[in-house]
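Peer 1: A single structure is presented below for examination.
Values in this text are rule-based calculations from the coordinates and carry no lab data. None of the values given here were measured: they were computed from a predicted structure. Glycine also receives a Cβ, built like all others from the backbone with ideal geometry; neighbour counts cover every protein chain displayed.
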Amino acid sequence: MKIKLIDIAHGRSGDKGDSANVGIIAYNKEGYEIIKKYLTAEKVKSYFEGICLGEVERFELPNLLALNFILHNTLGGGGTISLKLDAQGKTLAAALLRMELVVNQ
């Protein structure tokens, strides 16, 4: 079964230099269990292929029903030196929420 990430979670993103920070927050405990199991750092890295050139770190925040991802080497050097339109990483959460997860029932 496929689930759109946006149907079970919302997100926020930002930046620090050349790294983007993407938080995905589940609407409820069931959604958190799904993202915890299926939304891996490897899937996020693959989803942002060509954009994220460095490693992706994942941090679990169970008290917030959230996952936080740090995408290294993603912003073309950061807002002050990059030629990218979104050198601050503000739209990456919205982009990630378009992902579909294949979930086993």
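Peer 1: State the extension gain, in nm to one decimal, for the chain segment bounded by Ala95 and Thr40, taking 0.36 nm per residue of separation less the distance between their alpha-carbons.
Peer 2: Working: separation 55, 0.36 × 55 = 19.80 nm, distance 1.58 nm.
Once the chain is fully extended between Ala95 and Thr40, it gains 18.2 nm.
Peer 1: Please give the calculated 222 nm ellipticity per residue for the chain, where each DSSP H segment of at least 4 residues contributes -39500 (n - 2.57) and the sum is spread over every residue; nearest 500 deg cm²/dmol? The partial results should precede the final answer.
Peer 2: On the way: 4 runs with 26 residues, N = 105.
Using -39500 (n - 2.57) per qualifying helix, the result is -6000 deg cm²/dmol.
Peer 1: Now a separate question. Pairs of lysine in the chain with Cα under 22 Å and at least 8 positions apart or on different chains: total?
Peer 2: 22
Peer 1: Also: Suppose the Debye formula is applied to equal point scatterers at every Cα of the chain; what is log10 I(q)/I(0) at q = 0.14 Å⁻¹?
Peer 2: So the normalised log intensities work out to -0.49.
Peer 1: I've got another one for you. Taking loop as defined by DSSP and a crowding limit of 15 other beta carbons within 10 Å, which trypsin sites (Lys or Arg not before Pro) in region 25-78 fit? Can you show the working numbers first?
Peer 2: Details: sites: Lys29, Lys36, Lys37, Lys43, Lys45, Arg58; in loops: none.
Nothing satisfies the criteria.
Peer 1: While we're here: Roughly how tilted is helix 29-38, in degrees to the nearest 10 and between 0 and 90, from the longest Cα axis of the chain?
Peer 2: 60
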